[in-house]
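Colleague: One structure coming up, written as structure tokens, with questions to follow.
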Amino acid sequence: MSINSKTSKNSMRLENILIIGNGGRENSLAWAIQKNELVKKVYLIPGNAGTERINKCERIKIDINNKNELVKKLYFLNIDLIVIGPEIPLANGIADFLRQNEFKVFGPGKDGAKLEYSKSWAKEFMRDANIPTANFWKVNSLEEAKKIIYSSSMPLVVKADGLASGKGVFIPDSKEECFSAAESILNGKFGKSGNVVVLEEKIQGPEVSVFALCDGKKYILLPTAQDHKRLREKDKGPNTGGMGAYSPAPLLTEDYLDKIIKDIIEPTINELNKKNIDYKGVIYFGLMITKNGPKVIEYNCRFGDPECQTIMPLLDQNFVLLLEKCSMGKLNGIEKINISDKVSGCVIASSRGYPQEYKTGLPIEIGKIDSYDCQIFDSGTSFNKNGELVTSGGRVLSIVCQDKDFDLVFEKVYKNLKEIKFDGIYFRNDIGHQVRKNISKEN
Ligand code: AMP
């Protein structure tokens with residue numbers, strides 16, 4: 001197939017952008033990208049019902065696994081830049097395939113995505129580069145698991161090696177629970193993703209998220225964030241994809257961030273280079289701030305959700321230019337990302353029953369929402385056959401606001417949440433409790 005010169009990977013044109021994914025993360029990326037006046041159209045494959053409320057956005061129905069059709073369509077649409085949201089297509093090598101077809105792509109190839117899709121590989125990577133992380137053991141059999149669990153003097157965390165939709169990590173309270181978690185993984189609870197189990201020393205401390213946009217050699221940091229993974233207030237209950245977040249994370253002072261850059265971020269990028277991995281995309285560093293310093297809990301090869309929805313409103317319209325520079329390997333190392341001096345917070349409105357069973361297809365009513373410094377990004381919504389907005393996922397809407405302090409931010413978020421109605425709506429009332437003054441610590 002001939003390549004339209006306008007779509008070649010060296011073109012500086014930035015009219016037509018494609019985002020792959022269907023969540024709140026992708027809607028917030030689309031919203032941030034369309035702000036730039038060079039951008040005429042943002043296509044999402046597949047997007048969701050909320051995509052249609054965002055300026056310049058259009059959904060495309062096409063199966064990304066049907067590669068010939070996909071490429072034909074993208075040439076036809078003259079796509080100038082492709083941004084890939086979720087980890088599964090990245091792990092399946094979609095970025096490599098699109099680059100081979102001369103598209104500019106923001107998202108790592110299969111080799112870089114391994115930082116996320118193999119926890120044991122990521123741990124070995126960190127060991128090779130001397131990057132601080134919890135001690136670990138990689139095991140392939142129940143016998144090995146038993147030996148390590150019952151001889152270890154420290155509490156352990158059990159992880160399926162591969163992708164498990166955020167459900168592959170167990171934090172047991174006893175050796176028996178630890179062994180039974182390892183057993184269930186090795187016996188196929190997560191299919192092939194559990195052929196290998198990682199046993200990890202359990203470490204302690206608050207968690208923060210740091211995001212680096214990388215062009216293969218250089219990087220630029222986005223504002224830091226903290227999210228709330230647990231379903232219930234006081235950070236209790238099962239782990240979820242994330243119930244809310246805030247940015248920036250005041251816990252990370254400038255000095256501490258410098259330490260993270262020196263001990264973790266730069267060694268990660270250097271090690272990628274050493275391993276000949278040309279990483280063009282975002283690296284998410286999930287960190288724990290322990291009493292012995294920052295340690296990496298996990299890498300992701302994509303933006304976190306809901307951190308992405310929280311951070312995007314803090315960036316100006318140059319964001320898409322940075323994504324493009326990364327995709328071309330052309331960060332010059334002196335760019336400064338323009339970051340608002342406001343702070344941002346996000347609360348997820350979810351379906352009752354999530355992260356287990358929940359109903360879908362429930363009508364959603366959105367009342368009068370503040371229009372200034374407030375956004376609603378749909379996470380799991382669709383239209384029913386009557387064209388009504390309905391729930392279609394466990395996490396339904398991301399309600400995001402910005403203001404000059406976190407108290408004002410969350411006051412607005414919770415006020416807006418009162419305007420949102422669907423049967424079984426559930427959200428935490430204590431998102432951002434660490435940074436809010438006007439919240440009862442009993443909450
Ligand atoms: P992950 O999917 O690897 O980010 O793990 C999910 C959650 O499990 C993290 O956000 C932590 O709260 C917790 N976790 C993971 N690894 C450890 C560890 N080594 N020690 C303590 N908690 C952990």
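Rule-based calculations on the coordinates, nothing more; no lab input. These numbers come from a predicted model, not from an experiment. Cβ placement follows ideal geometry from the backbone for every residue including glycine, while neighbour counts extend to all protein chains displayed.
Colleague: How long is the gain from E357 to N187 if the chain were fully straight, where each residue apart is worth 0.36 nm and the alpha carbon distance is subtracted?
Modeller: Stretched out fully, the E357 to N187 stretch lengthens by 58.9 nm.
Colleague: Find how much the distance from N130 to K217 grows on full extension, using 0.36 nm per residue of separation minus their present alpha carbon separation; answer in nm with one decimal.
Modeller: Gain on stretching N130 to K217: 29.4 nm.
Colleague: No solvent, one uniform scatterer per C-alpha: report log10 I(q)/I(0) for region 170-289 via the Debye equation at q = 0.17, 0.20, 0.21 1/Å, two decimals.
Modeller: For region 170-289, the Cα-only Debye profile gives -1.09, -1.19, -1.20.
Colleague: Where does the chain land at 222 nm, in deg cm²/dmol rounded to the nearest 500, when only DSSP H runs of n ≥ 4 count, each adding -39500 (n - 2.57), divided by all residues?
Modeller: Rounded to the nearest 500, it is -7500 deg cm²/dmol.
Colleague: Right, here's the next one. Quick one: Karplus J couplings for region 42-59, per residue in order, coefficients 6.51, -1.76, 1.60, θ = phi - 60°, nearest Hz, x for Gly and Pro?
Modeller: Those phi angles translate into 10, 9, 10, 10, x, x, 8, 4, x, 3, 6, 8, 9, 3, 6, 9, 9, 8 Hz.
Colleague: Summarise the long-distance tail of P(r) for region 137-199 by giving the % of C-alpha pairs beyond 14 Å.
Modeller: Roughly 45 percent, once rounded to a whole number.
Colleague: Can you check how the C-alpha radius of gyration of region 75-115 compares to 2.2 N^0.38 Å, as a plain ratio?
Modeller: 1.11
Colleague: Can you list, largest first and rounded to whole Å, the semi-axes you get for the chain by taking the square root of 5 times each eigenvalue of its Cα gyration tensor?
Modeller: Equivalent ellipsoid semi-axes, largest first: 32, 28, 23 Å.
Colleague: 7 Å from Cα along Cα→Cβ at both E411 and E52: what's the point-to-point distance in nm?
Modeller: 3.6
Colleague: Considering all alpha-carbon pairs of region 1-154, what whole percent are spaced by more than 22 angstrom?
Modeller: Counting pairs separated by more than 22 Å, the tail of P(r) holds 52 percent.
Colleague: Please work out whether region 13-79 counts as rounded, prolate or oblate from its C-alpha gyration tensor, where a ≥ b ≥ c are the square roots of the eigenvalues and a/c under 1.5 means rounded, while otherwise a/b larger than b/c means prolate and anything else oblate?
Modeller: In terms of gyration-tensor shape, oblate.
Colleague: Each residue of region 361-375 in turn: what ³J(HN,Hα) in whole Hz from Karplus with 6.51, -1.76, 1.60 and θ = phi - 60°, glycine and Pro shown as x?
Modeller: Once θ is set to phi - 60°, the couplings for region 361-375 become x, 8, x, 10, 10, 10, x, 8, 9, 4, 8, 8, 6, 9, 9 Hz.
Colleague: Testing the spin-label approximation: label points 7 Å from Cα along Cα→Cβ at D258 and Q317. State their distance in nm.
Modeller: Label-label distance for D258 and Q317, simple model: 3.5 nm.
Colleague: Amide H of A225: which non-local residues (sequence gap of 5 or more, or other chain) have their own amide H closer than 5 Å, using H built in the peptide plane?
Modeller: Amide H neighbours of A225, under 5 Å, 5+ apart: S209, A249.
Colleague: Could you tell me whether region 301-443 comes out rounded, prolate or oblate from its Cα gyration tensor? Rule is a ≥ b ≥ c as square roots of the eigenvalues, rounded for a/c under 1.5, then prolate if a/b exceeds b/c, otherwise oblate.
Modeller: Here region 301-443 falls in the oblate category.
Colleague: Expressed in nm to one decimal, what extension gain is obtained for the pair K437 and K421 from 0.36 nm per residue of sequence separation less their Cα-Cα distance?
Modeller: 3.0 nm
Colleague: To the nearest whole percent, what portion of all C-alpha pairs in region 96-142 is separated by more than 17 angstrom?
Modeller: Summing the P(r) tail past 17 Å for region 96-142 gives 50 percent.
Colleague: How large is the Kirkwood hydrodynamic radius of region 261-355, in angstrom, based on all distinct alpha carbon pairs?
Modeller: Roughly 16.0 Å, rounded to one decimal.
Colleague: Given H placed 1.01 Å from N in the peptide plane, which residues other than close sequence neighbours of R302 have an amide H under 5 Å from its amide H?
Modeller: Excluding prolines and chain starts, which carry no amide H, the hits are Y284.
Colleague: What is the spin-label model distance, in nm, from N65 to E335 if the labels are put 7 Å beyond Cα along the C-beta direction?
Modeller: For N65 paired with E335, the spin-label model returns 3.4 nm.
Colleague: Using only the Cα atoms of region 306-373, build the gyration tensor, take square roots of its eigenvalues as a ≥ b ≥ c, and label the shape rounded, prolate or oblate: rounded if a/c is under 1.5, else prolate if a/b is larger than b/c, else oblate.
Modeller: Verdict is prolate for region 306-373.
Colleague: For region 340-349, in order, what is each residue's ³J(HN,Hα) by Karplus, 6.51 cos²θ - 1.76 cosθ + 1.60 with θ = phi - 60°, in whole Hz (x at glycine and Pro)?
Modeller: With coefficients 6.51, -1.76 and 1.60, one gets 4, 8, 7, 10, 9, x, 9, 10, 8, 8 Hz.
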